[in-house]
1. Those residues that are loosely packed, with under 13 Cβ neighbours inside 10 Å, touching a residue at least 12 places away in the same chain (Cβ under 8 Å) and not in a helix (DSSP H, G or I), I need them from the range 251-265; list them, please.
2. Quick check, is residue 178 in contact with a helix residue (DSSP H, G or I) (Cβ under 8 Å, 6 or more places away or on another chain), surrounded by fewer than 22 Cβ atoms within 10 Å (Cβ to Cβ) and at pLDDT 95 or above?
3. If residue 32 satisfies all but one of (1) under 24 Å from residue 154 (Cα atoms); (2) surrounded by fewer than 20 Cβ atoms within 10 Å (Cβ to Cβ); (3) in contact (Cβ under 8 Å) with a residue 60 or more places away in the chain, what's the number of the condition it fails?
4. Looking at (1) in a helix (DSSP H, G or I); (2) under 18 Å from residue 174 (Cβ atoms); (3) within 17 Å of the chain's Cα centre (by Cα), find the lone condition where residue 36 falls short.
5. Considering only the range 55-67, I want to know if a residue exists there that is surrounded by 20 or more Cβ atoms within 10 Å (Cβ to Cβ), over 29 Å from residue 154 (Cβ atoms), at pLDDT 95 or above and in contact with a helix residue (DSSP H, G or I) (Cβ under 6 Å, 6 or more places away or on another chain).
6. Kindly check whether there is at least one residue in the range 126-137 that is buried (at least 18 other Cβ atoms within 10 Å of the Cβ), in a helix (DSSP H, G or I), in contact (Cβ under 8 Å) with a residue 24 or more places away in the chain and out of contact with any strand residue (DSSP E or B) (no Cβ under 8 Å at 6 or more places or on another chain).
7. Taking the conditions exactly as written (touching a helix residue (DSSP H, G or I) at 6+ places or on another chain (Cβ under 6 Å), farther than 30 Å from residue 122 by Cα, surrounded by 15 or more Cβ atoms within 10 Å (Cβ to Cβ) and in contact (Cβ under 8 Å) with a residue 12 or more places away in the chain), does residue 76 satisfy them or not?
């Protein structure tokens, strides 16, 4: 039995005792008096405009930015569930692969239900367009061949980058809402298996991919990666408006020009970039 087969069997066994994530969240602990992400994870952190905000406004901005973050996660989960469902419907290959894909489908559906329940319980007005789906990234996620390196590059990026945000949030669990901590913890536990599978699958494709083909992929994947990172880590203008920030400044521009935000994003994306760089695919988000 090869290492990929052993990993697939291990991941399936670990996913077997499924637990509904909604039952592992302290919903009653959710409060608008708490930060929902640590201040250093807020897009304006480190700017004079952020320092000028009162504590209540800073908390509300952290709450809306977390809602924005899980809205992006909903988009990602939906893309992956769509692809798993389509490939499973037409599956004629190995049952062990289908088995694990269905475990992933069940877990992704649980995450999505958890995010929706959080949005509902937050009681906060949501923007009309919760998340600006990046067009090229969405196209690649929906239509690139499931059994292709380009699809699994997109999957790996889509799982690794938000996971770093989850981990950074959890490092500050004592200063944020216990409900948020439960959500990111549950998400991290399941995604650790999904990322292990994505990395192994991607490596199996890239190991045999000619250098010229990696070079040819680079412009497309650079655009996909850049779109994805900018959509995830730079909130839309209505997030700042709903958070009640003072009128006047262009907060989206301020966030995009904020060096502290750029440094924070570097921390979140560097692990994914290293994985791809080790496989001969050099990308960047700036």
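The values are calculated or read from the model by the stated rules, or taken from the named source; none is laboratory data. As the structure is a computational prediction, the values presented were derived from the model and not from experiment. Positions of Cβ are backbone-derived with ideal geometry, glycine not excepted, and every protein chain shown enters the neighbour counts.
1. Within the range 251-265, none qualify.
2. When the stated conditions are applied, residue 178 passes them.
3. (1)
4. Unmet for residue 36, out of (1) in a helix (DSSP H, G or I); (2) under 18 Å from residue 174 (Cβ atoms); (3) within 17 Å of the chain's Cα centre (by Cα): (1).
5. Scanning the range 55-67 turns up no residue that is surrounded by 20 or more Cβ atoms within 10 Å (Cβ to Cβ), over 29 Å from residue 154 (Cβ atoms), at pLDDT 95 or above and in contact with a helix residue (DSSP H, G or I) (Cβ under 6 Å, 6 or more places away or on another chain).
6. Yes - at least one qualifying residue is present in the range 126-137.
7. no
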